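Only the coordinates and a few stated rules stand behind these numbers; no lab work does. Source: prediction; values computed, not measured. Neighbour counts run over all protein chains shown; Cβ positions are idealised from the backbone, glycine included.
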Amino acid sequence: MSGLLHAFTILAVSAGVVFFIAGTVGLVRFPDVPTRLHALTKADNVGLGLVVLGLLPYTGGLLGALKLVSVWLLTLLSGAIVTQLIARAVR
Amino acid sequence: MALVFDIGIVSLLIAIGAWMIMARDTLVAVIIFVVYGLLMSIAWVRLSAVDVALTEAAIGSGITGMLLLSAAARLRQTEGAGARPSFPVCVAAGSLCALISAGLAGVVLLPADVAPTLAPLAVANLADTGLENPVAGVLFAYRALDTLLEKVVLLLALLGVWSLGSDRAWGGAPALGAYVPPNDILVFFAQVLPPIGIVFAAYMTWTGASHPGGAFQGGTVLAVMWLLVMMAGVARAPPISSTKVRWLLVAGPALFLAVGFLGFVIAAGFLAYPVDYAKALIVLIEIALALSIGVTLALLAAGPPERTLQP
Amino acid sequence: MNSATLFGFCSAAIVGLGLFGLIVSPHPLRRILAFNLLGSGVFLFFGVVARRGAAAGLGADPVPQALVITGIVVAFSATALAVALVLRLFALTDEAAPTSEADPKAGAEGGHS
Amino acid sequence: MSTASVATTSSGYLLVLAVMWPVIGILLSFVVSGRQIERLAWIVLPVGLVIAGATLIAVTQAGQSQIYVVGNWAPPLGIALRADGISVAMMMATAIVICVTGVFAHGEFSQPPGGPEERAPVVFWVLLFAIWSALNALVLGSDLFNLYVALELLTFAAVPLVCLKGKKETVEAALRYMLFALIGSVLYLLGAAMIYGAYGTLDIRLLSERGHAEPATLIAASLMTIGLLAKTALVPLHLWLPPAHAGAPAPGSAMLSALVVKGSFFVIIRIWFDAMPDLLSFRAAQLLGALGAAAILLGSVLALRQQRLKLLIAYSTIAQIGYLFFVFPLAAGLATGVAWSGIAWTASWLQLFSHAFAKAAMFMAAGLIAEALGHDRIAELGGIGRKLPITMLAFALSGLSLVGVPPSGGFSAKWLLLLATVMEGQWWWAVVIVLGGLLAGGYIFMVLGRLLASPTEVPALQAPVSRWRECAALSLAICAVLLGIWPLQSSDFLFIGR
Amino acid sequence: MSSFLLVSAVLVLASIAIGLVRILYSRQAADCMMAAQLVGTGGIAVLLLVAVATETAPTGDVALMLALLAAFASVAFVGGMRGTGSKATEGADK
């Protein structure tokens, strides 16, 4: 069981890290602000989600897990808002 | 591996700090400051100071960042005011600062054989305060006088900010958010986030007695939520002459002071707590302080009164 | 080299940077920014002291931590007051400039001496 | 760890009251409406004066320091307040200056009856309470971080006072003052962090037992001192002072010049004489003395060249602060019991108090003159002294004390300082003291000459000057003179607690 | 396990650093605001990874605080930019 959980964590976190790196690549390569915004926020939010998912077994209790999930949800919300705000400000 | 991580974060902090000082555009420098604050709270976690990490996240990058960002945006036109000193002056200043840094690094390298600490003493006395978070114990019991005086400092700073309004605007409201055209996304955000924030602030204040957190962090979250509501134009900034605002401002420090004087009667003296009720009293003080801190910080960030209100 | 020493060097560098910024920055807002950087370097130094004082089952000495929390709040109030001063200064400079419309309050304020 | 060594003494509660009583005034000021604040002041001021007097009596009668261990948590974990001889002397001088300033400000910062709350009166009275509380906390504090909070309280009370008039120049001066003060407190804090890292305590008493002269301690003490010098405006960190002190309203200038700069000076004394007495080497003491000497000469020469009365007085403050720093080379032997050090010690405190009274009186007199004339250009003061004899008398008496003409507190102070230089064999300070006196004579008599001149037409008064306010200024000037004829034996209490 | 998590944290940190360098070359303030967003999201991930890896005190609250306030700076930024746009109306009393 523990081995399975470990494998799950490694898989999820690695995938998360890959998304973060992808987001950065997008930031470096894309030509203008809106496209860079796309690359950044989407990839990073998925990355964070995967990291959170991978760390869930280590939170030690329901409350900790709940906190972790709400961290992700809050980041999603603020990410969406900020993307909209910046995109409008640039336009 | 942990050391590699620390080296990474330290070099990022230094690089960002240098970039902040060198950046041409003030607005950019301020945004970098926000980034710096975010990284700094990770550094505090690495130093096992979670209470400080929370404070840094809330005040250091959150509300200070907002304050400086709006100021930088308002001062965009004044950008070339004053010239950088000439190159030789910069070099001289640079060498002086490098010397100070080197001296400080030397002090870091010369630690005592056994680093002095008050941690055992703080933990040993914690039972008398009824608290489980030693940092809260220091803030609200051992060094309560500092905390109380610091509340007065906050109030004075607010009065100082208010005093910078014009004579005519005294008693009016800060202009924050008064001229914002409606923006549906911002309004949506300012309606969704504050309930979550208020719950979190209450949790922070409540949990502070036993876990990292407390009135400072909770109060700052409250302040940020209120500022968000004001900036989105959902609610107006209140006039500074409002009786409700004034009472909220002093409620925390006044309760703190009252409990302090009560200590003369029911405990061993000023700012001492009776052992049985210590925790209850401290939590009560923290709740009142969180409210007062929230209002004070928000009004500090909102700036001096600019709009005179029609009676 | 342990991580506390590493952060100690970091605080030394940041203090130097902050001081440098305070001396050479032309714009008052940048000086306030540099002051905040300097302050955070000093707080970090407290953090290093706290970390080295880890004992009694705590990861860090709680006393310097509490001092830093107090310090951060005081630094914020200082920043707020200084920013308000800068904004007021530039507002008054704008008023003094002949192009902008004059504000009637300017005359009313000379009463006290 | 020795935790049982300090305990609250019988009159210790007075120390808590001294710090917290003005705080109660601040909190109440926020919730009562404008007109009530001044009434509040009429309660806060006399009671505060009584508290200061009671503390003075308690300490002198006990013949030893009074201590209050806050919350019954003994240092190093907790904070103690401690009142020794110099603390109570400072407290008393502060109380007198603040109360007289309150009387003086009565006419200037009153709410008009019936109208809405006004900005300047509300802000002024709260700042007055805050300065008082901060100064009491500074002189009673015996914990380096507690002193930091008190220093910040003082800064936050002083800065808005500078720009209370709201003019552009005063806002500029306030901003400059603020930046200097902020750098000062950050450096101080850095030093405090180093001290805690080295000794695990911030309590001054414990530090004097544990501390030893080592490089890290010296760096820490130097950083703290540089920070505090910036707040005290010792040359070369004086640039902020003249515009700030000259720009504030007269009662504000009186408090800033008489009291606020002394607060940070007091902390310097605490560091070098109380916290780390072995650290004060001959070289360090000479360096501080040399900076003081430079301040005396530079400040006096610049004062001579001023065209505006308030600026002249502000530059004179820079010079007079310089004398205070002679305490380091001349009283350095205090801890080891060198007899002559005691003379210099008494002289320095005498200088501090007589300057506090004289400078407050002088700023008040200058404020009245500026109000009466509508300006304070020295060249156009001609003959105003004949219209305002009491104000002129206040100015003259305080001026004599600054110059050091007998009988006055300033004379006793400078005379004793000269005596100490001779006894210590450090004659070079004597040259500066005499030269500083001559220069002070120059700028004071320059102004007095203008005030007394009999021009063909005496300038008309722009505004009536209240007799009460003139008497307030005069009373402080008389205090400065009285210090000179006070028997010196009674100044033994300055040594209580050391 | 802990070293794997730490390696991941270092990688995320590195990607943040590269993103910051990219923004260094941009002159637009909006790009910098994106940097704040990048560090916000990435920083939270780093924080969670490191906390679990080194078994330090529960840091979920710090992550929550960062997540809660992450957008605040951007709001201030956008609000500030707009505020300057409508500067003309600012002097008028309401």
Among B:Ala15, B:Ala57, B:Ala301, residue whose mean-square fluctuation peaks in a GNM of chain B (springs only between Cα atoms under 10 Å): B:Ala15
Cross-link pairs D:Lys165/D:Lys414; D:Lys359/D:Lys387; D:Lys165/D:Lys387; D:Lys167/D:Lys387; D:Lys168/D:Lys231; D:Lys165/D:Lys310 - those with Cα-Cα distance over 25 Å: D:Lys165/D:Lys414; D:Lys165/D:Lys387; D:Lys167/D:Lys387
Among D:Gly191, D:Leu350, D:Gly337 the positive-end extreme of the charge dipole of chain D (Cβ point charges): D:Leu350
Local electrostatic count at D:Pro242 - Lys and Arg +1, Asp and Glu -1, tallied over other residues with Cβ under 12 Å: +3
Among B:Leu99, B:Leu284, B:Leu176, residue whose mean-square fluctuation peaks in a GNM of chain B (springs only between Cα atoms under 10 Å): B:Leu99
C-alpha long axis of helix D:389-403 to longest principal axis of chain D, angle in °: 40
Rounded tilt (10° steps) of A:43-55 against the dominant C-alpha axis of chain A: 10
Amide H within-cut-off set for D:Arg308, under 5 Å, with H built and near neighbours excluded: D:Ile378
Kyte-Doolittle at least -0.5, axis length at least 24 Å by Cα - qualifying DSSP helices, chain B: B:2-22, B:26-46, B:87-109, B:144-162, B:184-207, B:243-266, B:278-302
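Could you please report the charge total around B:Ser163, scoring K, R as +1 and D, E as -1 over all other residues with beta-carbon less than 11 angstrom from its beta-carbon? Mind dumping the intermediate values first?
On the way: positive: C:Arg88, D:Arg119, D:Lys165; negative: B:Asp167.
Charge balance in the 11 Å sphere: +2.
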For residues of A:12-24, the mean tally of beta carbons on other chains within 10 Å: 6
Neighbourhood net charge (15 Å Cβ-Cβ; Lys/Arg +1, Asp/Glu -1) for B:Ala18: +2
Degrees between helix D:467-485 axis and first principal axis of chain D (Cα, 0 to 90, nearest 10): 50
Euclidean distance between Cα centres, region B:44-97 to region E:23-40, Å: 16
Hits among aspartates and glutamates - C-alpha to C-alpha of B:Lys151 under 17 Å, sequence gap 8 or more where chains match: B:Glu286, D:Glu152
Residue with peak Gaussian network fluctuation, chain B [Cα springs, cutoff 10 Å], from B:Gly137, B:Gly37, B:Gly103: B:Gly103
Cβ-based exposure ranking for D:Ile57, B:Ile9, in which fewest neighbours within 10 Å come first: D:Ile57, B:Ile9
Mean ellipticity per residue at 222 nm, deg cm²/dmol - from DSSP H runs of n ≥ 4 across chain B, formula -39500 (n - 2.57): -22000 deg cm²/dmol
Distance from region D:1-69 to region D:148-188 (C-alpha centre basis), Å: 25
Net dipole in debye of the protein assembly as shown [+1 Lys, Arg Cβ; -1 Asp, Glu Cβ; about Cα centre; nearest 20]: 1600
Sequence-distant residues sharing a close amide H with B:Arg307 (under 5 Å, placed H): B:Ala173, B:Ala175
Computed FRET value (nearest 0.05) for E:Leu24 with B:Val114, which takes r as the C-beta separation and R₀ as 30 Å: 0.10
Estimated 222 nm signal from helices in chain D, with DSSP H stretches of n ≥ 4 weighted -39500 (n - 2.57), rounded to 500: -23500 deg cm²/dmol
Contact order relative to length of chain B, as percent, for alpha carbon pairs under 8 angstrom and 6 or more apart: 21
Reachable lysines from A:Lys42, criterion Cα separation under 25 angstrom, eight or more residues apart if same chain: A:Lys67
